[in-house]
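Working notes, beginning with the structure itself.
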Amino acid sequence: MDRFLTADDLAKTLRQDVHEGLTGTPKTLPPKWFYDERGSALFEEITRLEEYYPTRREREILVERSADVAAAARARTLLELGAGSGEKTRLLLGALAGTLRTYVPVDVSGDFLEEAAAGIAADHPGLEVRPVAADYERHLHLLPGGERRLVAFLGGTIGNMRPAERTGFLGGVRATMSGDGFLLLGADLVKDPGRLVAAYDDAAGVTAEFNRNVLRVINAELDADFDPGAFEHVAVWNDAEEWIEMRLRSTRDQAVRVRALDLEVRFAAGEEMRTEISAKFRRERLEAELGAAGLEVAEFWTDAEGDFSLTLARP
Ligand code: AVJ
């Protein structure tokens, strides 16, 4: 496995992120730190919730359109950014079987990747599986390139980026693409705010536990003493920005110590700390942002309800 990101790099980045986020006003924490083992399991649970439609909708589009993706891209290499549970990957790999030689799953968490990669390699004899531990916002230029490469960025994770970050990311993807490359991008769409909020504030409270998990991660990694029970889950639709915001609201005045950073942080009762944005898109916006990055939309698909989108773009 190629590692452009070691456990050391990750630890350093976590320290920087937490220091910056907890000393800023308002306080924030980046969503990438939700996903330790427990957080990843909670996210898997979220994807099975009635209220959380994106995973099901994207799968529906892939079932319907993977053959079209394969016919257009005729990919030799599939590079998957933020390789997830593998189910969507399997759909793509199945459709691409005629042309595909190499599969490159990319994720920040190397251990999880190696396991997933071994499973896929076992099911696809003849396919070269080359997992890479990397941060796709920083290491795009280091990832395997080559002719007829399809870059897949699924799940709607692009929604975690702010507009300026998206510009940088899409431009970076474009810069690594040869003329015959394609990008397959999954993005959640703007819809009734009631449904959006429900998707991020489910009745069973799984998303609330997922949100609070970032505090447990910081406790474990940075020797902090957050009391997750003293923070409430909040999900709000920001209509001006067209994104969902998840926050953690302090239920009381409290001080938290982060020993590894030699930091004491005070929270007022009712103070909210933003832990995630999940932007929702309209077709025109996606086309404009891809266009600004030098990418042209070849296909734009949605599920039957028009909830989620899959865009196939090329230079
Ligand atoms: C994995 C980033 C696509 O934004 O919908 C799910 C994460 N957060 N529930 C999303 C998430 C709360 C998810 N992504």
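The values are calculated or read from the model by the stated rules, or taken from the named source; none is laboratory data. In this text the structure is predicted, and so the values were computed from the model without any measurement. Counting neighbours? That spans all protein chains shown, and the Cβs are built from the backbone with ideal geometry, glycine included.
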- [ ] Go through segment 234-315 and tell me which strands (runs of 3 or more DSSP E), entirely inside it, have 3 or more residues that are farther than 18 Å from L189 by Cβ and modelled with pLDDT of 95 or more.
- [x] 243-250, 254-258, 263-267, 272-279
Open item on the list: Filter segment 228-250 down to the residues that are more than 16 Å from the ligand (Cβ to nearest atom) and either among the acidic types (D, E) or surrounded by fewer than 15 Cβ atoms within 10 Å (Cβ to Cβ) (or both) and list them by number.
Closed with: G229, D239, A240
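Does Y53 satisfy the criteria of being surrounded by 13 or more Cβ atoms within 10 Å (Cβ to Cβ) and over 23 Å from F112 (Cα atoms)? Spell out the reasoning first.
On the way: surrounded by 13 or more Cβ atoms within 10 Å (Cβ to Cβ): yes; over 23 Å from F112 (Cα atoms): yes.
Answer is yes for this residue.
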Task: Evaluation of R65 against (1) free of Cβ contacts under 8 Å to residues at least 40 places away in the same chain; (2) more than 16 Å from the ligand (Cβ to nearest atom) (one fails), failing number - done: (1)
Task: Test set (1) at pLDDT 95 or above; (2) farther than 30 Å from A255 by Cα; (3) surrounded by 19 or more Cβ atoms within 10 Å (Cβ to Cβ); (4) within 16 Å of the ligand (Cβ to nearest atom) - G84 fails condition number - done: (1)
- [ ] Answer yes if at least one residue in segment 138-151 is basic (K, R), more than 16 Å from the ligand (Cβ to nearest atom) and crowded, with 21+ Cβ neighbours inside 10 Å, and no otherwise.
- [x] yes
TODO: Residue by residue through segment 114-137, note down the ones that are within 16 Å of the ligand (Cβ to nearest atom) and modelled with pLDDT of 90 or more.
DONE: D135
- [ ] Could you check, for segment 25-32, whether at least one of its residues is more than 16 Å from the ligand (Cβ to nearest atom) and within 25 Å of L113 (Cα to Cα)?
- [x] no
Open item on the list: Being more than 30 Å from A269 (Cβ to Cβ), more than 10 Å from the ligand (Cβ to nearest atom) and more than 20 Å from the chain's Cα centre (by Cα) is true for just one of D225, D180. Which residue is that?
Closed with: D180
Task: So L290, is it within 16 Å of the ligand (Cβ to nearest atom), of a type in the set (A, V, I, L, M) and either buried (at least 20 other Cβ atoms within 10 Å of the Cβ) or farther than 21 Å from T167 by Cα (or both) - done: no
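Taking the stated definitions as given, is L100 over 16 Å from the mean Cα position of the chain (by Cα), within 16 Å of the ligand (Cβ to nearest atom) and at pLDDT 95 or above? Give the steps one after another, and end with the answer.
On the way: over 16 Å from the mean Cα position of the chain (by Cα): yes; within 16 Å of the ligand (Cβ to nearest atom): no; at pLDDT 95 or above: yes.
So L100 fails the test.
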Task: Output for segment 113-127, where each listed residue is exposed (fewer than 13 other Cβ atoms within 10 Å of the Cβ) and outside any helix (DSSP H, G or I) - done: P125, G126
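Could we say that D223 is free of Cβ contacts under 8 Å to residues at least 60 places away in the same chain, at negative phi and surrounded by fewer than 16 Cβ atoms within 10 Å (Cβ to Cβ) here?
Considered against the rule, which asks whether it is free of Cβ contacts under 8 Å to residues at least 60 places away in the same chain, at negative phi and surrounded by fewer than 16 Cβ atoms within 10 Å (Cβ to Cβ), D223 comes out as no.
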Task: Cross-chain or 6+ apart pairs with Cβ under 7 Å, segment 167-186 first and free of Cβ contacts under 8 Å to residues at least 40 places away in the same chain, then part of a helix (DSSP H, G or I) - done: G172/L140; T176/L140; T176/H141
TODO: From V217, V206, V236, V190, grab the single residue that is within 25 Å of T13 (Cα to Cα) and in contact (Cβ under 8 Å) with a residue 12 or more places away in the chain.
DONE: V217
Task: Set V217, V258: member being closer than 18 Å to N160 by Cβ, aliphatic (A, V, I, L, M) and surrounded by 15 or more Cβ atoms within 10 Å (Cβ to Cβ) - done: V217
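Identify, please: which residue in segment 16-45 is basic (K, R) and surrounded by 17 or more Cβ atoms within 10 Å (Cβ to Cβ) and is, among those, nearest to D135 (Cα to Cα)?
If we filter segment 16-45 for residues that are basic (K, R), which is where we start, we get 27, 32, 38.
Pick out the ones that are also surrounded by 17 or more Cβ atoms within 10 Å (Cβ to Cβ) and you get 27, 32.
Details: K27: 23, K32: 10 Å.
By that ranking, first place goes to K32.
Which ones in segment 89-112 are charged (D, E, K, R) and surrounded by fewer than 18 Cβ atoms within 10 Å (Cβ to Cβ)? Write out each step before concluding.
Keep residues of segment 89-112 that are charged (D, E, K, R), which gives 90, 101, 107, 111.
Once the filter is applied, which keeps residues that are charged (D, E, K, R) and surrounded by fewer than 18 Cβ atoms within 10 Å (Cβ to Cβ), segment 89-112 yields R90, R101, D111.
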